[in-house]
1. Determine the order of Phe89, Phe163 by accessible area, beginning with the largest, at a probe radius of 1.4 Å.
2. With a 1.4 Å probe and all protein chains kept in place, how do Tyr114, Tyr119 rank by accessible area, largest first?
3. Using heavy-atom solvent-accessible surface (probe 1.4 Å) with all chains present, what is the largest-first order of Thr99, Thr140?
4. Show me the GluC sites (Glu not before Pro) within the stretch 83-163 that DSSP assigns to loop and that have at most 12 other Cβ atoms within 10 Å of their Cβ.
5. At Ile95 and Lys60, where each label point lies 7 Å from the Cα along Cα→Cβ, what is the point-to-point distance in nanometres?
6. Pull out the extension gain between Trp146 and Phe163, defined as 0.36 nm times the separation in residues minus the alpha carbon to alpha carbon distance; nm, one decimal.
7. Suppose every K and R has +1 on its Cβ and every D and E has -1 on its Cβ; what is the size of the dipole of the stretch 32-133 about the Cα centre, in Debye to the nearest 20?
Amino acid sequence: MHMRPSTRFFKGLTLILPLLGPGSVFGQSTPTPVPCVVYPATAVEQKQIFSTFVGEFYVKRDIPRAFTHIAADYIQHNPFELDGITSSFDFLNPIFSNTSVTVQILHRVFEAPYGWLHYRVDGLLEEPTAILDLFRFNGTCVQEHWDVIQELPVNATNPHPLF
Ligand SMILES: *[C@@H]1O[C@H](CO)[C@@H](O)[C@H](O)[C@H]1NC(C)=O
Ligand SMILES: *[C@@H]1O[C@H](CO)[C@@H](O)[C@H](O)[C@H]1NC(C)=O
Ligand SMILES: *[C@@H]1O[C@H](CO)[C@@H](O)[C@H](O)[C@H]1NC(C)=O
């Protein structure tokens, strides 16, 4: 989880400091993250960045910091959000910064340039919910995202647990 990021990654990170820009156009007090700048990255470097991103987003729940790994022209397939970093940030930051919404990572895979994460969320929908996030990397940055969301039915037919 806490692998040492490459020197090139640190150089990239330094170039995008300061990490947080001014408040969003909607006048919220939450800072909008400065987007990730795409630099070439090897599969090993991408795996390290994915690990960092997962730690920041799903474990530390530091959403502004996690979003510094996301490209400005992020391609978003979730039907409730729009393309571009701002729409996704404004949608996800209130949800995932809220520690009443709990996250339990179940499975994760990285196969460059794709990172997959399967996790349980409580407090988001009425019932415990399984989410699978798929991210595509472009160099050092997360460029594209798909997700599949399944809420546990109240009277599930299958007695085998969802999680
Ligand atoms: C945090 O999530 C809980 C549970 O979903 C909800 O009741 C509460 O209103 C949320 N708090 C904020 C600040 O959004
Ligand atoms: C990667 O990012 C660069 C710079 O934004 C862009 O020109 C290029 O189309 C992107 N490539 C892919 C495969 O997403
Ligand atoms: C679940 O099953 C119980 C017991 O059969 C029933 O009372 C309840 O209405 C069902 N709930 C839903 C949402 O189907």
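The values are calculated or read from the model by the stated rules, or taken from the named source; none is laboratory data. Source: prediction; values computed, not measured. We place every Cβ from the backbone using ideal geometry, glycine too, and count neighbours over all the protein chains shown. These accessible areas exclude ligands, DNA and RNA; they are computed on the full protein's heavy atoms, side chains included. Shrake-Rupley method; radii C 1.70, N 1.55, O 1.52, S 1.80 Å.
1. Details: Phe89 5, Phe163 75 Å².
From most accessible down to least: Phe163, Phe89.
2. Details: Tyr114 85, Tyr119 5 Å².
My answer, sorted largest first, is Tyr114, Tyr119.
3. Numbers: Thr99 110, Thr140 10 Å².
Reading off the accessible areas and sorting them downward yields Thr99, Thr140.
4. Values: sites: Glu111, Glu126, Glu144, Glu151; in loops: Glu126.
Here the GluC sites (Glu not before Pro) that fit, given the DSSP loop and packing criteria, are Glu126.
5. The two pseudo-label positions are separated by 2.2 nm.
6. Values: separation 17, 0.36 × 17 = 6.12 nm, distance 2.06 nm.
Contour length minus the Cα-Cα distance gives 4.1 nm.
7. Details: 6 positive and 12 negative charges, 73 e Å.
Roughly 340 debye, rounded to the nearest 20.
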